[in-house]
1. Under 5 Å between amide H atoms, partner at least 5 residues away or on a different chain: which partners does Leu12 have, H built in plane at 1.01 Å?
2. Which ³J(HN,Hα) values, rounded to whole Hz and listed in residue order, are derived for the range 93-105 from phi using the Karplus coefficients 6.51, -1.76 and 1.60 in 6.51 cos²θ - 1.76 cosθ + 1.60 with θ = phi - 60°, glycine and proline given as x?
3. At a 1.4 Å probe radius, carbon and sulfur cover how many percent of the accessible area of the range 9-90?
4. I need the Debye-formula profile for the chain: one equal scatterer per C-alpha, no solvent, reported as log10 I(q)/I(0) at q = 0.19, 0.20 1/Å, two decimals.
5. Going through the range 70-126, which GluC sites (Glu not before Pro) have at most 16 other Cβ atoms within 10 Å and a DSSP loop state?
6. If you keep only loop residues by DSSP, which trypsin sites (Lys or Arg not before Pro) in the range 1-89 have at most 10 other Cβ atoms within 10 Å of their Cβ?
7. Per residue of the range 50-60, what does 6.51 cos²θ - 1.76 cosθ + 1.60 with θ = phi - 60° give for ³J(HN,Hα)? Whole Hz please, x for Gly and Pro, Karplus curve as stated.
8. For the range 40-109, what is the charge dipole size about the Cα centre, in debye to the nearest 20, if Lys and Arg each add +1 at the Cβ and Asp and Glu each add -1 at the Cβ?
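The values are calculated or read from the model by the stated rules, or taken from the named source; none is laboratory data. This structure is a prediction, so every number in the text was calculated from the model and none was measured. Ideal geometry is used to build each Cβ from the backbone, glycine not excepted, and the neighbour counts take in all protein chains shown. SASA here: full protein model, heavy atoms, side chains in, ligands and nucleic acids out. Shrake-Rupley method; radii C 1.70, N 1.55, O 1.52, S 1.80 Å.
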Amino acid sequence: MTHTTPKPILYLKQNCPFCLKVRLYLLEAAMMEDVKIRDFAPGTQQEDDIRAELIPHLARLSFPAAQLEPGHYAAESDDIIAFLAAKSGREIASMPVYRNYVEGPFNMAMTLWKENQELKKAASAA
Ligand SMILES: N[C@@H](CCC(=O)N[C@@H](CS)C(=O)NCC(=O)O)C(=O)O
């Protein structure tokens with residue numbers, strides 16, 4: 001990746017499972033120096049400032065979010081990773097740490113979260 005254009009800016013919430021996908025991709029692809037990370041803890045002034053900065057640029061704000069290129073914003077972890085993968089040329093298929101996280105703990109967390117939502121809905125309807 002050349003640095004003649006500004007580095008992508010990544011907005012990452014601490015301990016967020018979707019943001020961890022992006023962090024793992026960056027680490028395994030050795031891309032930490034190719035991006036600028038704006039990291040924040042939930043409930044802080046830093047979070048309020050980042051939200052105020054991003055809201056005008058995104059139809060729906062969630063984290064991770066990124067300014068991939070000047071004026072080009074994204075707020076889907078898979079879109080952000082696809083952009084980084086295209087820049088790095090690193091195939092996700094050849095990245096065991098990233099894949100183990102996504103296919104293991106990440107998928108498990110998503111499955112349990114969905115099940116929990118359904119159980120809560122069923123319990124409140126009973
Ligand atoms: N589809 C999104 C989901 C991301 C998501 O739900 N992130 C949570 C943080 S863990 C979030 O942003 N929640 C709403 C918020 O903090 O405003 C992605 O894959 O990037």
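1. Counting only residues 5 or more places away or on other chains, the set is Arg38, Asp39, Phe40.
2. 4, 9, 10, x, 5, 4, 5, 5, 5, 5, 7, x, x
3. In the range 9-90, the share of accessible area belonging to carbon and sulfur is 51 percent.
4. Results for the chain at q = 0.19, 0.20 Å⁻¹ read -1.10, -1.17.
5. Glu76, Glu91
6. Answer in residue order: Arg60.
7. 5, 4, 4, 5, 8, 3, x, 9, 10, 5, 9
8. Once rounded to the nearest 20, the dipole reads 180 debye.
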